[in-house]
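The values are calculated or read from the model by the stated rules, or taken from the named source; none is laboratory data. The shown structure was predicted, so the numbers you read here are calculated from the model rather than taken from an experiment. Cβ placement follows ideal geometry from the backbone for every residue including glycine, while neighbour counts extend to all protein chains displayed. Ligands, DNA and RNA are excluded from the accessible area calculation, which covers all protein heavy atoms including side chains. Shrake-Rupley method; radii C 1.70, N 1.55, O 1.52, S 1.80 Å.
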Amino acid sequence: MSSSTPVTRARPGSAQELLLIALPLMISFGSQSVMSFIDRIFLTWYSSSALAATMPASMLNWSIVSFAMGVASYTGTFISQYEGAGRKDRVARVVWQSIWLCLSLGSLLALFTLAAPLIFALAGHPADVQRDEVTYFSMLCGGAPAALLMTSLSSFFSGRGQTAVVMWVNLTAVLINLVFGYLLIFGFAFIPPLGIWGAGLATVISNCLACLLFVGLMIREVSRKQYPMRSEFGIDFELCQRMLYYGLAMGLQIFVDIFGFTIFLLFVGKMGTTALAATNLAFNLNSLAFIPMLGLGTAVMTLVGRRIGEKNPALAETTVRHALQLGCTYMGLWCVAYVLIPRLLITPFRAYAAGDEFAEIEETAVILMRFIAIYGLFDVLAIVYGYALRGAGDALYPFLFFTLSSIFCLIIPSAVIWYLWGGNLIGTWSVVTFYIFIVGIGMWWRYRGGKWKSMSVIEKEVLI
């Protein structure tokens, strides 16, 4: 077995190593949240129904795509562990299996566009919101193959510690999306205003172009570092099965989490357009803090996977400790902002929105942002410890825990509040806060137990 190369030039397990891996990923993931943030600002200027429709439609899309997204995301864990074990041939084989799986699963998920009218008719939202929900959801599902492939290809770089590459490609994709988003939503020259349909189309275009960039950069990297991509071409059913086992466990965990929030949003939508728009606005502002934290989580997953491949779990623990400190500092600053300057954060949405109608939405959103400030640090626990577990190969526990928590701490309590008390926005948001508190504590408890230290996703003979 050949020895693995250092993931960075920094001392393994140091805070510097974590920052070198995490900061580009946080910027990369943050750029995606900024893209969604600005898209929704554009749609706020376009119509309040478009703003109200984006969150339920995108959440439901993520609920469906999450099964396959887990496989695409978990590719990075396989790559990091094989890279840690010095097996370039297996890294190349993993990349090919991920590509085949993502294209196949993405094509199947695109068929959900056919069910969109029925799905949103069941939600019972106002007619104009429902129409926009169907439009946005259908466009995002149609672009599922590109979204999955983009995640899969980026894992080749992030799993090997080249997170700056992922950052620059994502920043380019964001710029493309913003330009196309503005032109397609409001129209320009010979392009008619396409509204929410144009917003979805711009997202699909940017994902497709990002895939092309990743392919070009991968071809260059494979040639420089001599990864045997040609010889490892083809389908490896045993490896595919293993990737599906771990990836689907992660995907199912993402699904139950997002599905729970989707059900939550459907109940909120029954309270009226103002309640739904205010909730979407609060979640959109929260995404500016939360989505970059997923970049930190991906960095933790990469480095923990690397240390497991190197048979050095003690060093992984040091990395997790540094990540927790970084995450609490970052999220803590956002939580303070949500309490002290909520109206300043809302300013971009207010710029061209309808005055009286948006004023009511803003007042409600200010109250909801205080709930985000309360549960923000528990989000940090859930992300840092949860991704550490996945990096080692402990994917089943997070799935089971999130499933039970989503059912008994989010979905059922939200339903009870609606059916027994006729719906109450403050009560429903209290349920969300309690749910995030539970999952944060649950991930910490599992990590503290230490069972993850003896786990791995790669063959035992590779670790010998």
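Among the residues of the range 171-180, is any open to solvent by 50 Å² or more (accessible area, probe 1.4 Å) and farther than 30 Å from E17 by Cα? Checked against the condition, which is being open to solvent by 50 Å² or more (accessible area, probe 1.4 Å) and farther than 30 Å from E17 by Cα, the range 171-180 yields at least one hit. Candidates in the range 72-103 are the residues that are within 13 Å of the chain's Cα centre (by Cα) and either more than 25 Å from I219 (Cα to Cα) or not polar (S, T, N, Q) (or both); of these, the one that is surrounded by the fewest Cβ atoms within 10 Å (Cβ to Cβ) is A72.
Here Y227 meets each of (1) over 25 Å from I38 (Cα atoms); (2) part of a helix (DSSP H, G or I); (3) open to solvent by less than 20 Å² (accessible area, probe 1.4 Å) with one exception, condition (2). Within the set L153, L108, L148, the sole residue that is part of a helix (DSSP H, G or I) and over 19 Å from the mean Cα position of the chain (by Cα) turns out to be L108.
Listed here are the residues, each with its yes/no results for (1) over 23 Å from V457 (Cβ atoms); (2) more than 19 Å from the chain's Cα centre (by Cα); (3) part of a helix (DSSP H, G or I); (4) not hydrophobic (A, V, I, L, M, F, W, C).
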residue	(1), (2), (3), (4)
A373	yes, yes, yes, no
G386	no, no, yes, yes
P398	no, no, yes, yes
F402	no, no, yes, no
S414	yes, yes, yes, yes
W429	yes, yes, yes, no
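Here's the yes/no breakdown for (1) basic (K, R); (2) open to solvent by less than 10 Å² (accessible area, probe 1.4 Å); (3) in contact (Cβ under 8 Å) with a residue 60 or more places away in the chain:
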{"residue": "G106", "(1), (2), (3)": "no, yes, no"}
{"residue": "L109", "(1), (2), (3)": "no, no, no"}
{"residue": "I119", "(1), (2), (3)": "no, no, no"}
{"residue": "Y136", "(1), (2), (3)": "no, no, yes"}
{"residue": "S152", "(1), (2), (3)": "no, yes, yes"}
{"residue": "Y182", "(1), (2), (3)": "no, no, yes"}
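Among the residues examined, A289 qualifies as within 30 Å of Q130 (Cα to Cα), buried (at least 22 other Cβ atoms within 10 Å of the Cβ) and of a type outside the set (K, R). From the list S414, S456, the one residue that fits, being open to solvent by less than 20 Å² (accessible area, probe 1.4 Å), touching a helix residue (DSSP H, G or I) at 6+ places or on another chain (Cβ under 9 Å), among the hydroxyl-bearing types (S, T, Y) and at pLDDT below 90, is S414. Residue count for the range 82-113, restricted to those that are touching a Lys or Arg at 6+ places or on another chain (Cβ under 7 Å) and of a type outside the set (G, A, S): 2.
Which residue out of A146, A189 is of a type in the set (G, A, S) and modelled with pLDDT under 85? From the options A146, A189, the qualifying one is A189.
For residues in the range 1-28 being closer than 24 Å to L175 by Cα and surrounded by fewer than 23 Cβ atoms within 10 Å (Cβ to Cβ), which is modelled with the lowest pLDDT? Top of the filtered list is I27.
For the range 46-64, the tally of residues that are open to solvent by 10 Å² or more (accessible area, probe 1.4 Å) and among the β-branched types (V, I, T) stands at 1. Residue check: is G124 open to solvent by 40 Å² or more (accessible area, probe 1.4 Å), touching a Lys or Arg at 6+ places or on another chain (Cβ under 9 Å) and touching a residue at least 12 places away in the same chain (Cβ under 8 Å)? It is true that G124 is open to solvent by 40 Å² or more (accessible area, probe 1.4 Å), touching a Lys or Arg at 6+ places or on another chain (Cβ under 9 Å) and touching a residue at least 12 places away in the same chain (Cβ under 8 Å).
Y182 - would you say it is more than 17 Å from the chain's Cα centre (by Cα), modelled with pLDDT under 90 and closer than 17 Å to W62 by Cβ? So Y182 does not fit the description; no. Scanning the range 295-343 for residues that are surrounded by fewer than 20 Cβ atoms within 10 Å (Cβ to Cβ) and assigned to a loop (DSSP other than H, G, I, E, B) yields K311, N312, I341. Pairs linking a residue in the range 184-208 that is over 13 Å from Y136 (Cβ atoms) to a residue that is among the charged types (D, E, K, R) and buried (at least 22 other Cβ atoms within 10 Å of the Cβ), with Cβ atoms under 9 Å and 6 or more positions apart or on different chains, do not occur.
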